[in-house]
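Read the structure below first, then the notes.
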Amino acid sequence: QLRSLSELRQEILNDADVTASAVLVSYSVVLRDLISYQESVGQVTIDPELAESVRAVAALSKAKNQIGEAQATAYTMLLDGQPDEEQLTVFLGTLTGQQEALLAFTLAASSEQLTGVNQRITGSAMAVADAATSDVIRSVGGERRLTAEEASQALGAVVNLVRSEEIRLHDDQVALATQLRDDVYRQVLFESIAVLVALLFTVTVAVLLARMLARSLGRLRQHALAVADRELPETVARLSDPRTLGENTPAQLAAQVREPASLRSADEIGQVAQAFTVVHRAAVRVAAEQAALRTSVSA
């Protein structure tokens, strides 16, 4: 509709027979849809302050639109000649819509917004507009108290005041929305960095644990091979000579088998090393018992 606005204006300018009421209807369709879109924006944000601010400014925009329609209606009433009751009904309807919109703005606006609007939309312009509104109403069924241009100028001054406040509040909304967006960006950046740091820490710990596990497994493998290939065969070969027993019992010889210091840990690998040491001691004890048995048989 905004893209077709220039075309709509040109059609109105080229149509010599177009009426003021038809022009008002054509523009009112665009304006009301814009206000409806503006109201829907407030439903998107999850920030309560911004949502209320959008609803408040949408209500102010609706009030400004109603004042603009009142301006156009008054101009049409006085331009066509003597105003009639039907035109008065339309004019009063715009005034009612204006009051309803201002009430909605009062309910939704923050104290700062309400104070700013009340301070700026005051003064002689409002007094002149109120007087012009009364004169338009009294002109119905009686003598015209002002011209169409005078009514349009009086009400148009209020439209300009409300428009300036609308722009100011819109700028405040953009600043607030920008701040919220920047806060979200910073939060996302912080959380992303935190997740990345946590991930790097987790990967680092996992790599360190894997390397520790690999080293422990390597030492366990070396110890197992040393026992199987060297220590246990040498012990069994030594115990084959009864004289190597001396005064030691098989249990004492088995107790001499020491657990490797490099594998003394409480984890599962340390437990496996301890179990392997137990097996080693049992093998030594059995070999010692066999040697002692052979010595007894020989004796």
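A few notes on this one:
- Normalised by residue number, the volume inside the convex hull of the Cα atoms of the chain is 212 Å³ per residue.
- Relative to the longest principal axis of the Cα atoms of the chain, helix 111-120 runs at roughly 30 degrees.
- For the peptides 150-157, 71-78, residues were scored by their other Cβ atoms within 10 Å and the scores averaged per peptide; the highest-first order is 71-78, 150-157.
- Over the chain, dividing the summed -39,500 (n - 2.57) contributions of all DSSP H runs of at least 4 residues by the number of residues returns a 222 nm mean residue ellipticity of -28000 deg cm²/dmol.
- Of the solvent-accessible surface of the chain, computed with a 1.4 Å probe and all protein chains present, 59% belongs to carbon and sulfur.
- Ranked by the mean number of other Cβ atoms within 10 Å of their residues, highest first, the peptides 59-67, 196-204 fall in the order 59-67, 196-204.
- Placing R0 at 35 angstrom, the Cβ-Cβ distance between Ile46 and Val23 gives a FRET efficiency of 0.30 after rounding to 0.05.
- For segment 124-155 versus segment 34-68, the spacing of their alpha-carbon centroids is 30 Å.
- These residues, Ser53, Ser6, Ser26, go from largest to smallest accessible area, 1.4 Å probe, as Ser6, Ser26, Ser53.
- Lys/Arg +1, Asp/Glu -1 at C-beta; the chain dipole; positive extreme among Asn65, Val195, Ser111: Val195
- Between the helical axis of 5-14 and the longest alpha-carbon principal axis of the chain there is an angle of about 20 degrees.
- Accessible area in the full protein assembly, largest first, 1.4 Å probe, for His170, His280: His170, His280
- Site pair Leu208 and Leu13 shows an inter-label distance of 7.6 nm when each label is modelled 7 Å from Cα along Cα→Cβ.
The values are calculated or read from the model by the stated rules, or taken from the named source; none is laboratory data. Everything quoted here is computed from the prediction, not taken from an experiment. Cβ: placed from backbone, ideal geometry, glycine included. Neighbour counts: every protein chain shown. Each accessible area value is taken on the protein alone, full model and side chains, heavy atoms only, with ligands, DNA and RNA left out. Shrake-Rupley method; radii C 1.70, N 1.55, O 1.52, S 1.80 Å.
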